[in-house]
Amino acid sequence: MEGLDLKQMTAMVKVISEEKGLPEETILDIIQTAIAAAWRRDNGSREMEVRAAFDMNKGTAKVYVARTVVEDGLAYNPNTEIPEAEAKGKKVGDIVEEEHDVTSFGYVASQTAKQVVVQRLREAERTAVMAVYADKIGTIITGTVSKILPKLVLIDLGRATAVMPKSEQIDGEYYSVGSRIKVLAKSIDNNSDKGPQLVVSRGAAGFIEQLFRQEVPELETGTVEIMGIAREAGRRTKIAVATSTPGIDPVGTFVGGRGVRVQAVMNEIGEREKIDIITWSDNVSEYIREALSPAEVIKVEVEGKNAKVYVSDEQQSIAIGKQGQNVRLASKLTGYEIDIILQKSQSKKKKQNVEDSLLNAIEDSAEEETSEEA
């Protein structure tokens with residue numbers, strides 16, 4: 001058989017299985033697919049439904065061509081259909097399989113088979129590798145930047161290459177080929193033309209959570225909890241924390257002595273991104289008040305999923321934040337639509353009232369003098 005020795009394929013199954021770490025059944029299926037493709041190339045057409053059966057013990061193969069039984073006298077496609085009169089007792093709609101021994105292939109068909117084997121092996125290997133990484137979804141893994149493209153960065157993980165789209169990168173962060181970086185294993189994309197792909201992220205809120213889990217052992221013991229995270233990667237993150245253990249300061253636990261824990265996280269994501277760690281509360285008003293930190297809030301009125309937050313003139317810009325970032329993240333963190341409302345402080349109101357009273361008194365005095373002169 002020119003260029004394709006079926007007897008050698010028996011040994012190939014075992015060798016490839018060991019080298020690629022794939023089950024022998026997977027390799028056998030790939031070889032049978034290749035044999036079917038080669039036979040179709042030499043003896044039929046692309047329309048044909050062909051399957052192959054490879055006997056590893058004998059080193060022989062057969063192919064089976066499936067055709068659907070159709071009513072006699074009608075026009076039919078001989079590649080996919082067969083008249084009922086020729087179907088040997090089969091009824092209309094049944095499937096008939098014609099058996100053919102595989103004897104030899106031409107050079108082109110042999111090359112077709114080899115291409116199918118190579119392609120399917122790559123797909124099977126990638127699928128197997130992705131199955132390994134499926135258990136790592138939601139955790140941090142370390143890789144090396146292997147290639148930088150306009151819309152994504154490729155990360156070499158050793159056994160696999162992950163992709164980090166632009167949307168999953170930290171805004172303003174620079175990546176260089178060969179550098180080691182930590183990433184969050186976010187998901188596996190099964191819709192890619194290149195087969196399953198592992199999607200990783202540095203811009204996701206989950207990346208911040210996992211970084212803190214590496215620095216705060218109390219998270220594993222359950223002493224403290226992360227109740228919510230809102231993030232605009234490269235700019236600012238708000239994280240709400242809580243504890244059910246008396247005497248424990250959850251914010252202090254995350255900050256660490258002299259800020260060592262939060263600083264470790266910031267060292268990974270970059271100093272440009274600020275992190276606000278606030279205390280979670282089941283009291284909605286108090287939670288919203290905390291979420292708007294560092295702004296000082298006068299009063300919070302909650303109605304449904306909307307909240308009116310009253311602040312002083314001095315605190316208004318702080319509550320809203322640059323380009324609305326602070327109130328936007330607070331809203332995302334709490335799940336409430338927040339409306340910042342300016343409320344003049346009591347001292348200003350009193351001062352204004354005094355000024356109004358003096359002005360009224362002066363006006364009244366002027367009126368009296370005018371009356372007396374008259």
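Here are some notes:
- Among the residues of the range 36-78, none is identified as in a helix (DSSP H, G or I) and loosely packed, with under 12 Cβ neighbours inside 10 Å.
- Some residue of the range 172-191 being closer than 16 Å to Glu232 by Cα and hydroxyl-bearing (Ser, Thr, Tyr): no
- Of all residues in the range 149-184 being basic (Lys, Arg) and at pLDDT 95 or above, the one that is farthest from the chain's Cα centre (by Cα): Arg180
- Taking strands (runs of 3 or more DSSP E) as the structural unit, those lying wholly within the range 218-318 and holding at least 3 residues that are more than 22 Å from Phe207 (Cβ to Cβ) correspond to 299-303, 306-311.
- Selection count where residues are without any contact (Cβ under 8 Å) to a residue 24 or more places away in the chain and not in a loop (DSSP other than H, G, I, E, B), scope the range 82-101: 5
- Every listed requirement among (1) out of contact with any Leu (no Cβ under 6 Å at 6 or more places or on another chain); (2) surrounded by 13 or more Cβ atoms within 10 Å (Cβ to Cβ); (3) closer than 29 Å to Arg126 by Cβ; (4) of a type outside the set (Ser, Thr, Tyr) is met by Glu81 save one, (3).
- Answer residue from the range 210-247, given it is exposed (fewer than 14 other Cβ atoms within 10 Å of the Cβ) and of a type outside the set (Ser, Thr, Tyr) and is farthest from Asp282 (Cα to Cα) among those: Pro217
- Single residue of Ser176, Ser187 found to be assigned to a strand (DSSP E or B), small (Gly, Ala, Ser) and farther than 30 Å from Asn283 by Cβ: Ser187
- Conditions (1) surrounded by fewer than 13 Cβ atoms within 10 Å (Cβ to Cβ); (2) touching a Leu at 6+ places or on another chain (Cβ under 7 Å); (3) not basic (Lys, Arg); number of the one not met by Ala113: (1)
- Residue in the range 35-56 that is under 10 Å from Ala113 (Cα atoms), modelled with pLDDT of 85 or more, among the β-branched types (Val, Ile, Thr) and assigned by TED's automatic domain parsing to the domain that holds Thr10 present: yes
- Every residue from the range 151-167 that is surrounded by 15 or more Cβ atoms within 10 Å (Cβ to Cβ) and of a type in the set (Gly, Ala, Ser): Ala160, Ala162
- Taking first residues from the range 31-50 that are touching a residue at least 40 places away in the same chain (Cβ under 8 Å) and partners that are of a type in the set (Phe, Trp, Tyr), the Cβ contacts under 6 Å between residues at least 6 apart in sequence or on separate chains come to Ile31/Phe54; Ala38/Phe105; Asp42/Phe105.
- Here Gln119 fulfils each of the conditions (1) closer than 30 Å to Met164 by Cα; (2) touching a helix residue (DSSP H, G or I) at 6+ places or on another chain (Cβ under 6 Å) apart from (2).
- Residue identified as hydroxyl-bearing (Ser, Thr, Tyr) and touching a residue at least 60 places away in the same chain (Cβ under 8 Å) among Ser179, Ser110: Ser110
- Odd one out for Phe105, checked against (1) among the aromatic types (Phe, Trp, Tyr); (2) touching a helix residue (DSSP H, G or I) at 6+ places or on another chain (Cβ under 8 Å); (3) surrounded by fewer than 18 Cβ atoms within 10 Å (Cβ to Cβ): (3)
The values are calculated or read from the model by the stated rules, or taken from the named source; none is laboratory data. Note that the coordinates shown come from a computational prediction; the quantities given were computed from them, not determined experimentally. Neighbour counts are summed over all protein chains in view; Cβ atoms, including those assigned to glycine, are modelled from backbone coordinates with ideal geometry.
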